[in-house]
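Step one of this worksheet: look at the structure below.
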Amino acid sequence: MNPDARYLVQPGRRVGGELTIPGDKSISHRALMLGGIAEGRTEIHGFLPSEDCLATLAALRAMGVKVDLPRSTQVVVHGVGAHGLSAPSQVLDLGNSGTALRLFMGLLAGQSFDSTLTGDASLVKRPMERVAEPLREMGALIETHAGKPPVRISGGRTLRAIDYDLPVPSAQVKSAILLAGLQAAGTTRVTEPAPTRDHTERMLQGFGVHVSRDGATVALEGGQRLTGTRIDVPADISSAAFFLVAGALAAHDGLVLRNVGMNPTRTGVIDILRLMGADIRMENARVSGGEPSADLRVRASALRGVRIPEALVPLAIDEFPVLFIAAAAAEGVTELRGAGELRVKETDRLAVMAEGLGSLGVVHELLPDGIRIQGGSIGAGVVDSHGDHRIAMAFAVASLRATGPLEILDVANVATSFPGFAPLAQAVGLLIT
Ligand code: S3P
């Protein structure tokens, strides 16, 4: 990681054209992991070759899974079956990826061998007890370091199914419990306080696992086998979000984003932007491998501040950095509450975004669980992303309304989720170098 990596972005007023955004990160991680413990071959098309997903890939290889990469976006996983993973000879380093670390906790809790999971300077500050606690209830032996990584998992434990009420809406915690539940005796049930992304449940079904849902509760029976399959990964709506906001601000002749994932547990960003007055249309809606997708056409329109409905928060959880930029460019006040989870992402996204907005003269009030942003003008200046990929990209989009050049610091981690962001942004008209 190069802490000196930065973007220089000149103010621009126009974007347009057509884009294919890279593959979905959440789906790419899951395809690798489920492919690894399946029997037989899994082919992944549209894979996201980002640092986070490559960390998952490397961890699987370290546990004896053969993975081929015939092309950067195409992966073949030679599954080893439920009991085929082997002990890694080293600590598994998941880099910046909370998804990789937390899902592996579930996957490794019931294995015969010991393992230790860790990550980079950001990941070792993130809470892991939210996963460790329910896994311990299932019989796992897990130690965290004051609640954070490194996480030590002792092998050879017999897991039992639990009924678990998630205290926070988290797809990572839900997924970890379901992955452990696959190795447990009995039926594991997880109840969510609000809907969160359901890629694990959908994909397990694609691998032949019976998963049932009853209202807010998802359930699966332990001991089911996974059979290798083909996965087509749609473009990541969380990456598309930067261009949805860019388009809403400056696509006077429209901007088209091809084959974007439209899973209803992920589309909160579209709902929020539409509430703000954005003109976003869906075309060519389709479903492949259990995941819906569509082409999105966005056109510039006048945005207005809104009070963001709390029910949409988990459905847009990763898109708030760029939504705050939309709010800064809108007319009137935008208020977000009920979003305390943003404080435990790759950075404290409420605090780091507030600092960056402040650097550009955007009037705002930081709240314990949200923020209030006075829209209007965005100034010029230097913004520190604190190594948070989504914050770096969000401020690049702010250039479309900035009064002068923006310098965005510490942007190397953009490669964790969106390799090639700067050239793509340039291709549609952002003046980024
Ligand atoms: C993810 C779940 C979300 C999200 C993260 C990816 C996933 O995290 O913020 O980027 O792939 O399951 P939480 O489960 O912590 O909300």
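Computed from the coordinates by the stated procedures, all read-outs in this text should not be read as laboratory data. A quick note: this is a predicted structure, and the numbers were derived from the prediction, not measured. Here the Cβ is made from the backbone with ideal geometry for all residues, glycine too, and neighbour counts use every protein chain on show.
Overview of values
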{"item": "Interatomic Cα distance distribution for region 111-208, bins of 10 angstrom, percent", "result": "16, 45, 36, 4"}
{"item": "Cβ-Cβ FRET estimate between Gln74 and His210, R0 fixed at 41 Å, reported to 0.05", "result": "0.90"}
{"item": "Cα-based convex hull, region 14-142, per residue volume (Å³, whole number)", "result": "125 Å³"}
{"item": "For region 404-430 and region 101-125, distance of Cα centres in Å", "result": "30 Å"}
{"item": "Set of lysines with alpha-carbon distance to Lys125 below 16 Å, sequence-local pairs under 8 removed", "result": "Lys148, Lys345"}
{"item": "Contour excess over end-to-end distance, with Cα ends at Asp163 and Ser89 and 0.36 nm allotted per residue", "result": "23.3 nm"}
{"item": "Rg/Rg_globular for region 25-232, with Rg_globular taken as 2.2 N^0.38 Å and Rg from C-alpha atoms", "result": "0.92"}
{"item": "Contour excess over end-to-end distance, with Cα ends at Arg14 and Leu141 and 0.36 nm allotted per residue", "result": "40.2 nm"}
{"item": "For the chain: Kirkwood Rh in Å [reciprocal of mean 1/r, alpha carbons]", "result": "21.7 Å"}
{"item": "Of all DSSP beta bridges in the chain, antiparallel share, percent nearest 5", "result": "70 percent"}
{"item": "Region 214-368: translational diffusion in µm²/s, Stokes-Einstein, Kirkwood Rh over Cα pairs, 37 °C, 0.692 mPa s", "result": "193 µm²/s"}
{"item": "Radius of gyration and maximum dimension Dmax of region 333-433, Cα, Å", "result": "13.5, 38"}
{"item": "Region 161-194-region 30-78 distance, computed between alpha-carbon centres (Å)", "result": "24 Å"}
{"item": "Share antiparallel - DSSP beta bridges, region 88-237, percent rounded to 5", "result": "75 percent"}
{"item": "Inter-label distance for Asp369 and Ala121, nm, one decimal - labels placed 7 Å from Cα along Cα-to-Cβ", "result": "3.2 nm"}
{"item": "Dimensionless Rg ratio for region 388-433, taking C-alpha atoms and the 2.2 N^0.38 Å reference", "result": "1.07"}
